[in-house]
Amino acid sequence: MSKGTHDRPEQARDPWRVLINVGQIPETGLHREIEADAGIRQAMAEVAELREVLSARASFDVVPRRDGRVTVTGRVRARIGQTCVVTLDPIESEVDEEVDLVFAPPEQIPEMADLVDDAEEGDENTPDPPEPIEGGFIDLGRVATDALFLGIDPYPRKPDAVFEQAVEAPDPEDHPFAALKVLQQKPSKRRPKGKSVGKPKAD
């Protein structure tokens with residue numbers, strides 16, 4: 001998952017909220033299984049402009065680091081209702097997204113952003129920028145929601161749906177030799193046989 005919570009549109013709401021107090025995370029980390037109820041799924045469908053969200057669940061491992069940062073890894077799975085862009089029929093799609101994020105205290109964000117810039121200038125693989133720990137909490141619900149939204153196919157289609165373009169039959173008269181053919185078909189004005197055209201004879 002390359003897109004973090006800081007990249008989400010400002011107008012987007014957070015219908016799914018599961019807060020984790022960073023100060024209460026054990027040194028060995030913790031595991032969380034979360035699942036969205038009907039009300040949350042409906043709200044997510046409205047935000048993402050989906051027909052419906054039939055199911056949404058996530059599994060996370062949250063592990064603290066000695067530098068004050070926290071890693072969040074896991075997987076988000078969902079089943080969503082969409083509309084086929086070809087047939088306009090209702091269809092259901094599966095979302096299965098992996099999550100691998102680093103959360104950092106706000107005061108560490110500028111420092112890590114500089115490390116990302118340095119990696120972009122060099123030949124190193126560019127790491128994802130960290131997510132901020134807001135008010136001492138990490139919102140696993142927001143992480144799951146962002147992963148779900150990231151996994152949505154913007155152009156869903158049924159497996160057997162294909163675009164059919166209207167094909168017009170070529171006009172047989174519309175080709176470079178059409179004018180020549182017309183000229184060849186015109187009757188030629190020939191002189192009658194046995195008659196000559198000349199000056200009238202003098203009496």
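All of (1) acidic (Asp, Glu); (2) exposed (fewer than 13 other Cβ atoms within 10 Å of the Cβ); (3) in a loop (DSSP other than H, G, I, E, B) hold for Asp14 with one exception: (2). Do we have any residue at all in the range 56-70 that's outside any strand (DSSP E or B) and surrounded by 18 or more Cβ atoms within 10 Å (Cβ to Cβ)? Yes, there is a match, as at least one residue in the range 56-70 is outside any strand (DSSP E or B) and surrounded by 18 or more Cβ atoms within 10 Å (Cβ to Cβ). With the structure loaded, tell me whether Lys189 is surrounded by fewer than 18 Cβ atoms within 10 Å (Cβ to Cβ), out of contact with any Cys (no Cβ under 8 Å at 6 or more places or on another chain), at pLDDT below 55 and among the basic types (Lys, Arg) or whether it fails that test. Here the answer is yes, as Lys189 does meet what is asked.
Okay, residues lined up against (1) without any contact (Cβ under 8 Å) to a residue 60 or more places away in the chain; (2) buried (at least 16 other Cβ atoms within 10 Å of the Cβ); (3) not hydroxyl-bearing (Ser, Thr, Tyr):
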residue: Ala38; (1), (2), (3): yes, no, yes
residue: Ala45; (1), (2), (3): yes, yes, yes
residue: Val76; (1), (2), (3): no, yes, yes
residue: Asp100; (1), (2), (3): no, no, yes
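When the residues of the range 110-150 are filtered to those that are under 19 Å from Arg75 (Cα atoms) and assigned to a loop (DSSP other than H, G, I, E, B), the one that is modelled with the lowest pLDDT is Asp128.
The values are calculated or read from the model by the stated rules, or taken from the named source; none is laboratory data. Everything quoted here is computed from the prediction, not taken from an experiment. Note that each Cβ is placed from the backbone with ideal geometry, even for glycine, and that neighbours are counted across all protein chains shown.
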